[in-house]
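Notes to accompany the following structure.
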Amino acid sequence: MFSCIERSVGQKIVPVREEPRHVPVLTNKYIRVISAEIGDGDTSLFHIHETPSAFIFLTDVTYDNQVLNTPWQKMDSKKGYAWYASYQTGGVTHRVGVAHNLRLHAYDIELLSKYAITENPAWERLPYDTAFVSDRCVAYKIELTNENPTIQFSGRGPIIAIMVSGEEVTITQPETRVKTGLEEEDYGYIRPVYPCTIKINGGDKANLVLFEIR
């Protein structure tokens with residue numbers, strides 16, 4: 001274990017949004033998007049996750065993880081891997097360390113409130129492959145190519161788009177006058193209800209994950 005992570009277990013425990021390496025980059029009524037970057041021999045503070053959340057890794061790296069009051073463990077992040085944690089039985093307090101010359105990047109999308117006021121039995125997910133489906137959020141895996149350079153949809157809940165790999169894409173919602181370009185590891189917010197087009201800007205391939213809030 002590298003020396004920089006041998007900090008006192010008695011250190012202050014903070015909410016994930018207050019941990020210095022976990023930076024909130026977007027907050028609204030429904031979500032808080034937190035970008036977490038740790039690398040080059042650094043270690044996070046102990047922090048607690050307790051809000052239902054969707055997560056995604058943006059790097060391939062082996063890192064050290066310590067849950068409070070347990071030993072350090074080696075873990076692997078896989079670029080593009082997305083998952084959901086409800087924390088219904090309680091939060092998780094941990095800290096993360098990354099060795100020199102390595103870098104871990106992930107997004108934590110805290111689900112602050114539901115989009116649908118009441119459950120809609122007629123609701124159907126979009127016709128794309130999914131990483132997970134939960135009662136709070138659905139993660140869609142999108143691949144754009146020369147042969148299939150565009151997807152379109154409308155009438156959906158709020159969506160966070162995460163660019164995993166590949167060429168730059170553009171997200172357009174004409175009725176909101178919003179046009180957003182995404183490069184690798186970027187995120188974008190797609191406003192609910194309004195029509196949306198996501199298109200690759202040339203190149204061979206682009207891979208994204210879309211997190212739709214239910």
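Values quoted throughout were computed directly from the atomic coordinates according to the rules given, and no laboratory measurement underlies them. From a predicted model like this one, the values you see are computed outputs, not experimental measurements. Quick reminder, even Gly has a Cβ in these numbers, built from the backbone with ideal geometry, and neighbours come from all protein chains shown.
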With just the Cα atoms defining each centre, how far is segment 107-127 from segment 148-165? Give it in Å. 15 Å
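Scale the Cα Rg of segment 1-104 by the rule-of-thumb value 2.2 N^0.38 Å and send over the ratio, two decimals. The partial results should precede the final answer.
Values: Rg = 13.5 Å, N = 104, 2.2 N^0.38 = 12.8 Å.
Here the Cα radius of gyration is 1.05 times the empirical estimate.
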Of Leu210, Ala116, Asn65, which is farthest towards the positive pole of the chain's charge dipole, taken about the Cα centre with +1 and -1 on the beta-carbons of Lys, Arg and Asp, Glu respectively? Ala116
How much of the calculated P(r) for the chain lies past 31 Å, in percent of all Cα pairs? 23 percent
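From the P(r) of segment 129-213, could you give the percentage of C-alpha pairs in the tail past 15 Å?
Distances greater than 15 Å cover 53 percent of the Cα pairs.
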Quick check for you: which residues of segment 198-214 have the amide N under 17 Å from the point 7 Å beyond the Cα of Glu175 toward its beta carbon? 198
Could you please report the charge total around Glu168, scoring K, R as +1 and D, E as -1 over all other residues with beta-carbon less than 11 angstrom from its beta-carbon? -3
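In segment 70-163, which trypsin sites (Lys or Arg not before Pro) are in a loop and have at most 11 other Cβ atoms within 10 Å, using DSSP for the loop call? Please report the intermediate quantities before stating the final value.
On the way: sites: Lys74, Lys78, Lys79, Arg95, Arg103, Lys114, Arg125, Arg136, Lys141, Arg156; in loops: Lys78, Lys79, Lys114, Arg125, Arg136, Arg156.
When the trypsin sites (Lys or Arg not before Pro) of segment 70-163 are filtered for loop state and at most 11 Cβ neighbours within 10 Å, Lys78 remain.
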